[in-house]
Structures are given as C-alpha cells and as structure tokens.
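For reference, the structure is listed below as structure tokens.
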Amino acid sequence: MLSVKNLHVAVEGKEILRGIDLDVRPGEVHAIMGPNGSGKSTLAQLLAGREGYQVTAGSVRYLDMDMLAMPPEERARAGVFLAFQYPVEIPGVSNALFLKTALNSIRKQRGLPELDAMDFLTLVRDKMKLLGMDEKLLQRAVNEGFSGGEKKRNEILQMAVLEPSLAMLDETDSGLDIDALKLVADGVNRMRNAERAIVLVTHYQRLLEFIVPDVVHVLSQGRIVKSGGAELAVELEQYGYGWLENEVQVS
Amino acid sequence: MPTSTKQLDELIGREYRHGFVTTLETDTVPRGLNEEVIRMISARKHEPEFMLDWRLKAYRYWLTKAEPEWANIHHPPIDYQNISYYSAPKSGKDGPRSLSELDPELLRTYEKLGIPLKEQEMLAGVAVDAVFDSVSVATTFKAKLAELGIIFCPFSEAVQKHPELVQQYLGSVVPYTDNFFATLNSAVFSDGSFCYIPPGVRCPMELSTYFRINEKNTGQFERTLIVADKGAYVSYLEGCTAPMRDENQLHAAVVELIALEGAQIKYATVQNWYPGDKEGRGGIYNFVTKRGECRGDNSHISWTQVETGSAITWKYPSVVLRGDNSVGEFYSVALTNHYQQADTGTKMTHIGRNTRSTVLSKGISAGRGQNTYRGLIKVLPGAEDARNYTQCDSLLLGDRCGAHTVPYIEVKNPSAKVEHEASTSRIGEDQLFYCTQRGIAPEEAVSMIVSGFCKAVFQNLPMEFAVEAQKLLGVSLEGSTG
C-alpha cells in the first residue's frame, strides 16, 4: 500500500530524513518510535502533504501512485489521513460543517452521493458516542476552546468518519489521561481491518499497550535503525533510546 | 514565494461581475461645478426655495474647505471640475410614475444585477428604491407601505410631497458643514431615498435602496434620510455596483438616520462598487458620511456593513447616543484585495445616560490591499454609566497586504466602561493544510476560514442578505488553484 524508498528530506537545507525505507501493507499496524528530533513527525507530515520540505532523494508510492506529486487534498481523497499532533483551530467554522465538507469532498471523489445534513448527523452521532464525545462539540468552532483530550478525540472522530485507507497518527497519545487514552485506543482498534493500514508515530510505548502493532520501527537521526515486532517497544521502554543508539554505533 | 501564498494570490484574483455598461440616452450636465450647476440641479428637481438656499450655503462653505488628509489612503488629486454632477436616464426625465414606464433596458440592468424591481416578485418581501446614476428610477411596494402611513420614496419626491419633513430633518444629523465630502454632497446631491415610519409602526418588510453608477465621468451624490418616529421599527438594506472603467469615479453619499423615543433602525449595506483592476486602475472612490442619531430615550440604531468593493473606501457609520438608555451598534466586514484601500470604522458618541455601544470590526486584507480600522469612542460628561465594547480583528491573506487599527477613546465621565480588544492573524498555512489534509479543496478552505472569521458580523444581517454577503466574499476569494 505504502512504499517509501531511500527517502531523503531536508528542511531549509538541513537534512532531517536520511534514507528511509518503509513498506506498509493493508491490514498492518506499524509503530514508528524514536526520540525527539529523530524525524518521526517530519515523516508523517511529509507523507500527508505538508509544504516546506525538500525531497532530495528517494520516492514514495501509495496505491501505485507517485504520492509526492499529489497535493494534500488529493492524497486525502485517495484515503490518506493524518491525525495531527497539534490539531488546528478554525474560529467561526463549526466542527459539523468542517467535517461534513471534508466527508463530501472525499465521497465526491469516490463517486458516492453527498450526504445531506440528516444522514451526516446520524453517522457522526454514532461515532461520537463510541468515543465518549459530547455532541455539543459538533456545533462548536473547530477545535476552538477544546481541551487537549477533546482535540485528540476530535481527530479520531474525523478518522472514524472519513474512513481512510492509510491512517497516520502523530503523537495522538500525548497529553491524554489514561481514560481518554483508552477511548482513543478503542477508537483506533475498532478501525483495524484487513484493508486498512495504520501508522502510529509515538515517543512512548504507553499507547502500544492498548494498540498492539504488527511492526515497530525505531527512528534515530533520520534513519530507521531497527525494526521488529511488538516486543521491540517493550525493550525500548526498559532500556531507553540510548541503548539502541549505542548498539547502532557498535555495529 | 511559498506555494500557499501563490495559491492565495490565485484565489483572490477573480474578476468583478457587475462591470457591464447599460446603453441609455441620458441627460447629463457638462462637467464642472459652479453655482449655475447647482441652480440647474435644483431647478430640474423643481425644488422649493429652502432646498436651493441650503445647497448654495453648502457650496459656498465647500469652497473654503480642503480635502481631509488624515486617512490612511493614497490617491492622485481629484479634479472636481472634471466630474459631471448630474446624469439621468432620459426616458425618466420627470421620474417614471410606474414600473411600466421604466425603460426596459433599465429593468434588464436591474434584473442582471439580481434586484427584484417587479412587484410580482412579492415573495422577495423587499421594497426597493433603485437609484441609477443621479436619479431614483423605481420604488416598489409604495402603495402597500402607504397603507401603514410609511413614506418610502425617492428623495426628490419627498422634497415635493413632504417638504415639512425634509426641512425638519435634513442636515439635522450631518449638517452641511460636517466635512468636505458631506458638504459637497449637500451642494450637489441629486437624489436618494427618503423614509419615514410613523409612531408605533413596525415596517413589515425590509426596505432597500439599490445604487448603480452607469454613466462615464459622473459622480454619484445621493442622500438618504430615514426617520423612525416614536416606537417605530425599520430594517433597511443598501446595495451598490458600478461598471468597470479605467478612470476613477467619485461617490460621495450622505446617510442620516434619526430614531426618536423607543424607535429602532437597522441599516445594512453590502457595498460592491467596482474596486479597480488587478493593477489598481479605475474603481470607485467611496467617500461616504453615514451617521445616525438616537434622539429619543431607549432608541436603537445599528449599522451593519459588508464592504468588498471600491478602490478607496472612506466611511465611518456612526451613532450619536443622545437619548438615555439608547443603543448604538456597528458591525463591519471590510475586504481589500489587489490595490484596494479601506479606511473605515465608526464613531460612537455617548451623550445620554446609560447609553451602550458595541463595535465589531473584521478587516480582511489580501493582495496588496490596505485595511485600516479607525474608531472613536467618545463619552461626554453627562453620559453616566456609558458602556462600550469594541472588538477589531484583522485577517491577512498573503504577505504584501496590510492591516492597521487606529482606535481613539475619549472619556469624560468616570463611570464609563470602555473595552477594546484587537487581534491580527494570518490565514495560517496550518489552517489551510488542516483543511486540505481532510480532502477540502484549497479555495473552499480559504472561503470557509474567511466566512468563519466574519460569522459574528454576518449574524447581524437579514437572512437573504447574509447569504448574499457570504457569496460575495466567496466570489471575491474564489478561483482556481494548482
């Protein structure tokens, strides 16, 4: 589904990613872990289509398309979703309008009829209930005045409504208390199926107790230094990133 | 230039849609301004003596004045002798008596603009007075309003039929000595709308004036006077367009509102004069004086404006809060794009006790547009317990435009509470990316973000007008993106 080959990326001349190779197949859950500044967020944002990054080498193919040539809205309509680490506020635009506009843009692309307000509300209310979200959040401006936990849950709500094929979650666990974390994890787990791929970007192993990944990659200084199963995350928790960095230097 | 800035530039690069010219035979006086021209305008209108006197006093006063220079606007000098001060469609020389007498070409013009002039379009529920160049060409629903004692007619007709009302109220809020442009208007104004709501009457429909400048090298100087007698209520809408021309045209209007005890006037404007082209050629110079007076206790005046047009906008719809417990409001959205300049805001003058005013201004600057909010909150010594709340927000699209906020506060009563909040933000790449990452097209995203920014003002517009205003903003910002 997603195939990243030898990807080098620079920001303002400084190389952040230095040769990433990553293959994600449908149905898989990958976790990308690494210390601060290792390039995990850059990778997620770049894949979602954010401007301001220079790809100096390598390629990214998604569903056999040259993903780097597509503007962000086309990637989104083709099923790429990023749950933001810092969800953006849009004053005066209701959460409902925002999400309905997004959903209908995607449905249109897929040749599906646009949902009217009633059908949309029915759909979204169900999903909100599962995430333990207050319905009032629908009429509030997008993320404005939301608590940290509400913002993160709002991201998961959007994911649940838009039903992406490739969902990337950027530090979705940060700032959540344990109850909120469980709700978010439940929301993500419910979306796991044979067609959908999920990429979790996280600093801590905590989230992975609730969403058990198939593959864990450790990113350090712009490279994937180690890949393994779910047990790799546990080892990292025990020994810290320093252990791996040393190991890399030794090898 | 970052891609998002380029996208924004494309988004805001749309053409003006009302830029067509209507070919009509017109009666236009030669360019230039002198006493003879003023006498001629007055004569064509068969005006009573007091009107001519007033005009001449204004003209003589005007000769002693110079254009104000304090506004944050720049333009080549205006040659007042190179403007024609009166132009009227010929077929309507003495004013058409009914719609059937209107030139069909004129009717088609208003149809093109989407203005319902035909009374058959009752469902629209809006009574319209249409001003084409210098004269008022049609007023709909007149008979129906007359049943309630409401007078809604062209200004020139009011001068004939209700001279006592005109004499009583004309210039009582904006005297002919008020400012350079208001003085000029007083001397040469040719028509406009007049509205009087008798005591205790709630006007059952929106009243509306539609202004259009068509003729080349003419200025438009209309004058609107609205009087809401005790306990009356009226909601009034004003819309404006003009053809595209390379030279600048002058529009210097005056609007006076008078609310007596317990009366309420809501005045909404959607101003879409031709803004000039992308290089800043042409466009309307809009120098307008709008002021309302809450003359009676418990009266209420609110201004709502959506300013998307004109090369230059110089306009400060204000409220004099004379009556005790009176309320003044100003809600504004001003958008400047390309080389447009807007210096707009309000003056709230608190004279009566327990008077309240609210100011909510939203400025949007794009391209090389310059947008200035200029506001004065004045609390006089007798205005016990006066309250004001002002909020000015500016939104910048791109990196070559400007937003400026110039608030003046003068408080002479220690019990007053005056609050001012201001913010400036840029449509962030963050907001845009957040929207596009959810599949929303960039142009739709910008339009959505801007509408959200203006929401609090749009809520004060009558329903259909709010939809129009939203569309207008959408049009001003929509376009193709890569």
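The values are calculated or read from the model by the stated rules, or taken from the named source; none is laboratory data. Worth saying up front: this structure is predicted, and the values here are computed from it rather than measured. All Cβ positions, glycine included, derive from the backbone under ideal geometry; neighbour counts span all protein chains shown. When the accessible area is computed, the model is the full protein with side chains, heavy atoms only, and any ligands, DNA or RNA have been set aside. Shrake-Rupley method; radii C 1.70, N 1.55, O 1.52, S 1.80 Å.
Sorted by mean Cβ packing within 10 Å, highest first, what order do the peptides B:336-343, A:60-67, B:291-298, A:210-217 take?
B:336-343, B:291-298, A:210-217, A:60-67
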Problem - Restraint check, A:Lys100/A:Lys152; A:Lys136/B:Lys362; A:Lys152/A:Lys182; A:Lys151/B:Lys362, Cα-Cα greater than 21 Å - result: A:Lys136/B:Lys362; A:Lys151/B:Lys362
Exercise for the section: List the residues of the range A:46-60 that lose 20 Å² or more of accessible area once all protein chains are present, compared with their chain alone (1.4 Å probe, heavy atoms only, no ligands or nucleic acids). Expected result: A:Ala48, A:Arg50, A:Glu51
Exercise for the section: Would you check the accessible area of A:Arg196, probe 1.4 Å, heavy atoms only, in square angstrom rounded to 10? Expected result: 30
Fill in the blank from the handout: Given backbone amide H placed at 1.01 Å from N, residues whose amide H is under 5 Å from that of B:Asp297, ignoring those fewer than 5 places away on the same chain, are B:Glu261, B:Gly262, B:Asp324
Handout entry: Residue-wise HN-Hα coupling along the range B:367-381, computed from phi with Karplus coefficients 6.51, -1.76, 1.60 (Hz; x: Gly, Pro)
Key = x, 10, x, 10, 10, 10, 9, 10, x, 10, 10, 10, 10, 7, x
Practice task
Roll a 1.4 Å probe over the protein chains and send me the accessible area per residue for the range A:2-250 in Å².
Solution key: 43
Fill in the blank from the handout: Diffing the range B:263-271: the Karplus 3J(HN,Hα) column from phi (6.51, -1.76, 1.60, θ = phi - 60°), in whole Hz with x for Gly and Pro, holds 8, 9, 10, 10, 10, 10, 10, 10, 9
Practice task
Calculate for chain A the 222 nm mean residue ellipticity that helices alone would give, adding -39,500 (n - 2.57) per DSSP H run of length 4 or more and normalising by residue count, nearest 500 deg cm²/dmol.
Solution key: -12500 deg cm²/dmol
Exercise for the section: Using θ = phi - 60° and the Karplus relation 6.51 cos²θ - 1.76 cosθ + 1.60, list the HN-Hα couplings for the range A:28-38 in order, rounded to whole Hz, with x at every Gly or Pro. Expected result: 8, 10, 10, 10, 10, 10, x, x, 4, x, 7
Handout entry: At most 11 other Cβ within 10 Å, DSSP loop - GluC sites (Glu not before Pro), the range A:1-40
Key = A:Glu12
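For the range A:2-250, which whole-number percentage of the solvent-accessible area (1.4 Å probe, protein heavy atoms only) is attributable to carbon and sulfur atoms?
49
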Problem - Average other protein chain Cβ within 10 Å of Cβ, residues A:74-86 - result: 3
Problem - Convex hull per residue volume in Å³, alpha carbons only, for chain A - result: 126
Handout entry: Accessible area in the full protein assembly, largest first, 1.4 Å probe, for B:Thr183, A:Thr42, B:Thr424
Key = B:Thr424, A:Thr42, B:Thr183
Exercise for the section: Enter the mean number of other protein chain beta carbons within 10 Å of the beta carbon of each residue in A:87-98, as an integer. Expected result: 6
Fill in the blank from the handout: If amide H atoms are modeled at 1.01 Å from N in the peptide plane, then the residues at a separation of 5 or more from B:Ala422, or on another chain, having amide H under 5 Å from its own are B:Cys392
Practice task
Compute the length gained on full extension between A:Glu114 and A:Val234: take 0.36 nm times their separation in residues and subtract their Cα-Cα distance, giving the result in nm to one decimal.
Solution key: 38.7 nm
Exercise for the section: Quick one: which residues, 5+ away or cross-chain, put their amide H under 5 Å from the amide H of B:Leu395? H built at 1.01 Å from N. Expected result: B:Gly363, B:Ile364, B:Ser365, B:Ser425
Practice task
Give the interface area between chains A and B as buried accessible surface, both sides summed, probe 1.4 Å, in Å² to the nearest 100.
Solution key: 2100
